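Let me begin by presenting the structure, written as structure tokens, before commenting on it.
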Amino acid sequence: MSARTVTDTTVSGAAPGERVEVAFPVLDSLRAVGAVAVLTTHVAFWAGAYTRHGLWGTLLARLDVGVAIFFVLSGFLLSREFLVRAARGRPAPGLGRYLWKRFLRIAPVYIVTVVLALTFIDSNADLGISDWLTTLLLGNTFVDGLPPAGLTQMWSLAAEVTFYVVLPLLMLVAVGGRRLRPWRVMAVLVAMAAVSVWWHLDGAARAAHGTGGSTLQWLPSYLSWFAAGIGLALVQVLHTQGRWQRLTGLVVTLARQPGSCWALAAGLLLVSATPLAGPTMLASPTASESLTKSVLYGAIGTLIVATGVFTVADGAYSRVFGHGGARHLGWISYGLFCLHLPGLHLVMWATGWTEFQGHGLQLWVLTMAVGLVAAELAYRLIERPALRLKGLGRRSVPEPAVVTAATSGTSTR
């Protein structure tokens with residue numbers, strides 16, 4: 001979901017019938033931060049940097065924290081419309097249209113990426129029709145543990161799509177009728193976090209019996225990250241309404257100090273680089289290590305995303321991260337996420353380099369260049385044309401008057 005513009009009906013001062021547009025431009029750029037982090041950790045692995053450079057190598061391994069940024073962002077952006085509608089006394093978004101928009105956002109670029117990876121990467125040459133179908137349906141982590149070469153990052157997309165499917169039910173429980181009850185929403189968030197804790201400590205191991213899937217990569221492992229995003233959406237809506245100001249004010253005050261948030265995030269990342277968060281390489285962590293890493297990553301993602309939700313509209317942070325160039329990187333970041341691993345395979349093939357033999361900086365520059373070109377093409381030729389279909393079949397109705405709200409999303413201007 002784009003962070004560029006979202007419809008709000010809770011902004012103080014809006015007349016009945018007005019459609020208020022609230023922008024969160026910094027969130028676009030933060031999506032790019034997540035994508036670059038994921039690309040960097042994959043390049044570092046291929047270059048053999050995880051174990052070659054001490055603490056620095058471990059920190060490169062921990063840049064998979066970019067996934068936590070994605071999940072917190074999705075929790076915020078997708079749940080917010082449900083909460084805004086409840087606060088206004090309006091029904092939830094239509095389920096069919098919601099799922100259609102999610103399909104258009106994810107499927108076209110993903111399908112193209114799968115076709116490219118399965119067709120042109122040599123190690124995928126022996127895959128049969130059933131393998132193709134499993135991969136196209138994002139089923140690898142549920143049945144065989146690991147997606148094919150060039151698509152190993154897609155475990156996180158499978159978890160995200162599962163969240164898309166579950167979210168309307170979660171919001172039905174959290175919101176119920178056309179009224180926003182904060183305690184009810186918070187109870188659902190606590191339950192989501194509790195499920196994640198149990199899954200890391202016991203549930204994943206239980207589910208692993210009788211399945212070939214990677215149970216620690218399933219949605220229950222990451223419900224707490226999505227819950228953090230929903231929690232930020234709740235705080236934003238309540239703060240906009242002037243409700244629960246003592247609690248929401250604490251969150252907003254911290255988030256409007258982005259330097260402090262990023263410093264805290266960096267400190268937590270350093271903690272995650274210790275043995276407390278598990279091994280650097282691909283060995284399975286213990287249950288406690290897995291949970292520790294999940295908690296640390298969730299806190300990092302929440303701190304970073306909060307700076308984009310509650311940023312001061314005309315502050316230096318907003319000017320930097322809200323710059324058009326930075327935001328454009330965010331708009332193409334989904335293509336970068338999908339296509340960077342096929343691009344990495346292409347770079348390795350073209351250069352003749354082999355895995356774990358170094359060339360880290362050169363490999364990063366070349367992979368980033370290939371990934372950005374591929375992402376830009378995907379955005380212009382696939383994503384934008386596909387998203388034009390999101391209103392397909394929708395009845396034409398007169399648009400209400402538009403009021404533009406501040407980019408902080410908390411007041412009108």
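The values are calculated or read from the model by the stated rules, or taken from the named source; none is laboratory data. Values in this document were obtained by computation on a predicted structure and should not be read as measured data. Counting neighbours? That spans all protein chains shown, and the Cβs are built from the backbone with ideal geometry, glycine included. All accessible areas refer to the heavy atoms of the entire protein, side chains included, with ligands and DNA or RNA removed. Shrake-Rupley method; radii C 1.70, N 1.55, O 1.52, S 1.80 Å.
Listing for the model above:
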| item | result |
| --- | --- |
| Qualifying residue in the range 249-270 (condition: in contact (Cβ under 8 Å) with a residue 12 or more places away in the chain, within 18 Å of F70 (Cβ to Cβ), outside any loop (DSSP other than H, G, I, E, B) and open to solvent by 60 Å² or more (accessible area, probe 1.4 Å)) | yes |
| The range 285-301 - residue that is of a type in the set (S, T, Y) and farther than 17 Å from S156 by Cα and, of those, modelled with the lowest pLDDT | T286 |
| Out of V185, V197, V190, sole residue that is open to solvent by less than 30 Å² (accessible area, probe 1.4 Å), modelled with pLDDT of 90 or more and out of contact with any His (no Cβ under 9 Å at 6 or more places or on another chain) | V185 |
| Residue that is under 23 Å from the mean Cα position of the chain (by Cα) and either among the aromatic types (F, W, Y) or closer than 25 Å to V33 by Cα (or both), where the choices are L264, L189, L172 | L264 |
| Unmet requirement for A204, which otherwise passes all of (1) assigned to a helix (DSSP H, G or I); (2) of a type outside the set (V, I, T); (3) under 21 Å from the mean Cα position of the chain (by Cα) | (3) |
| Test: residue in the range 194-202 that is free of Cβ contacts under 8 Å to residues at least 12 places away in the same chain and closer than 23 Å to A86 by Cα | no |
| Answer from G358, G343 - the residue that is in a helix (DSSP H, G or I) and among the small types (G, A, S) | G343 |
| T307 vs. criteria hydroxyl-bearing (S, T, Y), in a helix (DSSP H, G or I), in contact with a helix residue (DSSP H, G or I) (Cβ under 9 Å, 6 or more places away or on another chain) and crowded, with 20+ Cβ neighbours inside 10 Å | yes |
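Matching residues to (1) at pLDDT 95 or above; (2) open to solvent by 10 Å² or more (accessible area, probe 1.4 Å); (3) of a type outside the set (S, T, Y):
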| residue | (1), (2), (3) |
| --- | --- |
| S12 | no, yes, no |
| V20 | no, no, yes |
| V38 | yes, no, yes |
| R52 | no, yes, yes |
| I69 | yes, no, yes |
| L77 | yes, no, yes |
| R85 | no, yes, yes |
